[in-house]
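Here's the structure, in structure tokens; my notes come after.
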Amino acid sequence: MEQVTFKREEILLSIGDVAKLLNIPTHTLRFWENEFAQFLHPVRTVGKQRRYTDEDIKTIEKIAHMLRIDKYSIAGAKRALYEQFHPEIKPKSILIPEDIANEIANFIKDKLIQRVSQPSGDLVAAG
């Protein structure tokens, strides 16, 4: 079992208290705990009740803002949180050398010109 230490002055809030504080239903907090398990870790009492730290509450506020205000999907919010929690890991991007990109663009352009310049029997005249 993981041992958790807290600052003596830190106050741990119940799920009901967090729900009232942030105006988020308790069932939503439970759902987010499952969906965002990498980032949200409320501690449990001996009686298995959740207790949220200040850090947990800040994370919940970020999640709520991303989902409700910024209109992220859950997957998008997870990606954004991952990038915030792990800034040292940069997302991979695909870089195509300019000459190859130009070749691809010219190829597509030529194909479009061919298609437009060829008469098609599929077209029906409007009457």
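What follows draws every value from the coordinates through simple rules; no lab data is involved. Being a predicted model, the structure only gives us computed values, none of them experimental. Quick reminder, even Gly has a Cβ in these numbers, built from the backbone with ideal geometry, and neighbours come from all protein chains shown.
Data table
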| quantity | calculated |
| --- | --- |
| Ranked by how many other beta carbons lie within 10 Å on average, peptides 40-48, 17-25, 111-119 from highest | 17-25, 40-48, 111-119 |
| Once the Cα gyration tensor of the stretch 15-85 is diagonalised, semi-axes √(5λ) in Å | 20, 13, 10 |
| Cα-based reach from Lys78 at 19 Å (exclusive), listing aspartates and glutamates while leaving out same-chain residues under 8 positions away | Glu33, Glu35, Glu55, Asp56, Glu61, Asp70, Glu88 |
| Karplus-derived 3J(HN,Hα), 6.51/-1.76/1.60, for each residue of the stretch 51-58, Hz, glycine and proline x | 9, 9, 8, 4, 5, 4, 5, 4 |
